[in-house]
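The values are calculated or read from the model by the stated rules, or taken from the named source; none is laboratory data. It should be emphasised that the depicted structure is a prediction, and the values quoted were computed from it without experimental measurement. Neighbour counts run over all protein chains shown; Cβ positions are idealised from the backbone, glycine included. Protein only, heavy atoms only, side chains kept; ligands, DNA and RNA dropped before computing areas. Shrake-Rupley method; radii C 1.70, N 1.55, O 1.52, S 1.80 Å.
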Amino acid sequence: MNTYNSPIVILLADDDEDDRKMTADALRNPSWPTTSRLSATAEELLDYLYHRGSHAPPTASPRPGLVLLDLNMPRMGGREALREMKADPALRSIPVVILTTSRTDEDIENTYDHGANSFIVKPVTFEGLVQAMKVVTEYWFQIVQLPTGA
């Protein structure tokens, strides 16, 4: 079981504003001290992780305990962001859960091949999303042991 002294940062990258808001709402759980950081693009996600631009001071972008990543975004997609994260020794230990509408075997295989820790098809109802986020946060923050600094 992991013990956290401060809220766990969950970094969500999704180009759909409604999906970002619904997922952030679904992540609100009084039993888990989390804070959601939202990115509309994969570039913004990487800026956050590398402390670039508006995320330059590390205090503005604390290391996330979990990244929720949509695959299909304009310009740079989630696939490319995943590959870049998992190629960087400083970032590769951050768990990345793919949260997408895709159901293709190719996407599932490709993301696992590039280091994704889980692949979840977005539930169609808000209730389903709340349940999925409850299970995800319980799994990543109570059940598994993460490396120090993750």
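Looking at 1, 22, which is the one that is modelled with pLDDT of 90 or more and either closer than 14 Å to residue 136 by Cα or open to solvent by 10 Å² or more (accessible area, probe 1.4 Å) (or both)?
22
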For the range 108-134, give me each residue that is touching a helix residue (DSSP H, G or I) at 6+ places or on another chain (Cβ under 8 Å), over 19 Å from residue 66 (Cβ atoms) and not aromatic (Phe, Trp, Tyr). 110
Among the residues of the range 83-101, is any open to solvent by less than 30 Å² (accessible area, probe 1.4 Å) and touching a Pro at 6+ places or on another chain (Cβ under 7 Å)? yes
Being touching a Leu at 6+ places or on another chain (Cβ under 9 Å), open to solvent by 40 Å² or more (accessible area, probe 1.4 Å) and under 13 Å from residue 11 (Cα atoms): is that true of residue 79 here? no
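Please enumerate the residues belonging to the range 102-142 that are of a type in the set (Phe, Trp, Tyr), free of Cβ contacts under 8 Å to residues at least 40 places away in the same chain and either touching a Leu at 6+ places or on another chain (Cβ under 8 Å) or open to solvent by 50 Å² or more (accessible area, probe 1.4 Å) (or both).
Of the range 102-142, the ones of a type in the set (Phe, Trp, Tyr) are 112, 119, 126, 139-141.
Filter once more, keeping what is free of Cβ contacts under 8 Å to residues at least 40 places away in the same chain: 112, 119, 139.
Within the range 102-142, 112, 139 qualify.
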Mind checking which pairs have a first residue in the range 52-63 that is closer than 12 Å to residue 9 by Cα and a second that is open to solvent by less than 90 Å² (accessible area, probe 1.4 Å) and part of a helix (DSSP H, G or I), Cβ under 7 Å, 6 or more apart or different chains? 61/48; 61/55
Taking the stated definitions as given, is residue 46 surrounded by 17 or more Cβ atoms within 10 Å (Cβ to Cβ) and in contact (Cβ under 8 Å) with a residue 40 or more places away in the chain? no
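Could you check how many residues of the range 91-150 are assigned to a helix (DSSP H, G or I) and within 24 Å of residue 17 (Cα to Cα)?
Keep residues of the range 91-150 that are assigned to a helix (DSSP H, G or I), which gives 105-113, 126-143.
After this cut, where a residue has to be within 24 Å of residue 17 (Cα to Cα) as well, the list is 107-108, 111, 126-137.
Adding up the residues that qualify gives 15.
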